[in-house]
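The values are calculated or read from the model by the stated rules, or taken from the named source; none is laboratory data. Since the structure is predicted, the reported quantities are computational estimates derived from the model, not experimental observations. Quick reminder, even Gly has a Cβ in these numbers, built from the backbone with ideal geometry, and neighbours come from all protein chains shown. Protein only, heavy atoms only, side chains kept; ligands, DNA and RNA dropped before computing areas. Shrake-Rupley method; radii C 1.70, N 1.55, O 1.52, S 1.80 Å.
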Amino acid sequence: MASPVSQIRPVVLSRIGQPTKLVSPIKPDVVLTVIEKSKQLAAWTAVDHHVKPEHRVIGIGSGSTVPYVVERIVQLGAEANQLRVFIPTGFQSKELIVSSGLNLGDVDQFPTIDVTLDGADEVDHELNCIKGGGACHLREKVLAEAANTFILVADYRKNVKYLGTNFTPGVPIEVVPFAYAKVLQNLHHILGSPKASLRMAVHKAGPVVSDNGNFIIDAPFDLEKMKTPYTIMTQIKMLTGVVEVGVFCNMAQAAYFGNEDGSVTIRWNDGRVEQVAAAQ
Ligand SMILES: O=C[C@H](O)[C@H](O)[C@H](O)COP(=O)(O)O
């Protein structure tokens with residue numbers, strides 16, 4: 001299948017007296033700042049390491065880092081991708097897959113995925129992570145579980161010792177709408193998150209509604225509690241009305257972090273940490 005972005009070339013914006021700026025072809029309105037460049041480095045390197053020629057079913061996550069995953073996959077060429085099917089984690093990644101000319105599938109057709117690549121809001125040294133800053137964590141967790149290999153991609157700000165260090169809105173929790181007030185009450189008074197709140201939409205009156213028609217609660221916990229993410233995750237998940245919790249434990253094989261200096265840090269689930277030069 002021909003891809004509209006199969007001939008990706010970096011776009012160089014240059015005006016007299018101004019520094020040259022790289023612009024991503026897949027995000028043409030985004031000048032590659034250090035942070036954007038870091039996301040791209042992580043994504044490209046992860047694709048180079050984990051998307052193998054024999055892979056046929058590939059999970060595509062959500063967020064602002066994942067477009068660079070798709071950018072690199074498209075660079076593999078139409079021939080490499082023609083027998084592949086790409087599974088989205090929500091509306092955004094579905095649009096990304098379709099607009100990139102890649103074949104779209106769904107996890108109910110392909111419950112086993114070769115590799116899923118996804119972003120994260122924060123990742124600790126044991127590869128536990130917070131996800132759901134974009135309200136996509138339910139589908140993301142399903143695709144992470146369905147994958148033989150689950151890989152995280154992020155910029156250097158997400159590489160932390162303990163969850164909740166830089167990402168402060170709290171743990172994203174998807175809840176069925178009619179139960180939100182009760183779940184909030186339980187978070188405030190039983191689980192120790194007095195500032196837990198319903199996520200409100202920005203350009204719409206009322207709450208954020210997920211791709212699954214549910215509400216999202218953000219529940220910040222103190223750092224001591226976040227040092228045991230599995231416990232927090234299971235306690236929240238036990239609350240009636242909770243559909244999924246944006247804490248992922250023991251799921252990722254590796255996390256790729258693009259750094260400010262152009263290198264990439266790779267954390268593996270066996271504790272190894274590697275520093276590699278960026279993908280070209
Ligand atoms: O719901 C959104 C997802 O979990 C994203 O993968 C996460 O928020 C990270 O997004 P970004 O790459 O934009 O930081």
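Quick rundown of the values:
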{"item": "3 or more residues in contact with a helix residue (DSSP H, G or I) (Cβ under 9 Å, 6 or more places away or on another chain): qualifying strands (runs of 3 or more DSSP E) within segment 162-280", "result": "171-175, 215-219, 242-245, 254-258, 263-268"}
{"item": "Helices (runs of 4 or more DSSP H) fully within segment 29-111 counting 2 or more residues that are within 16 Å of the ligand (Cβ to nearest atom)", "result": "34-50, 66-75, 91-99"}
{"item": "Hits in segment 112-130 - residues which are assigned to a loop (DSSP other than H, G, I, E, B), within 16 Å of the ligand (Cβ to nearest atom) and either more than 13 Å from Phe150 (Cβ to Cβ) or not assigned by TED's automatic domain parsing to the domain that holds Phe150 (or both)", "result": "Asp121, Asp124"}
{"item": "Subset of segment 131-155 that is touching a residue at least 60 places away in the same chain (Cβ under 8 Å) and open to solvent by 20 Å² or more (accessible area, probe 1.4 Å) - its residue that is farthest from the ligand (Cβ to nearest atom)", "result": "Thr149"}
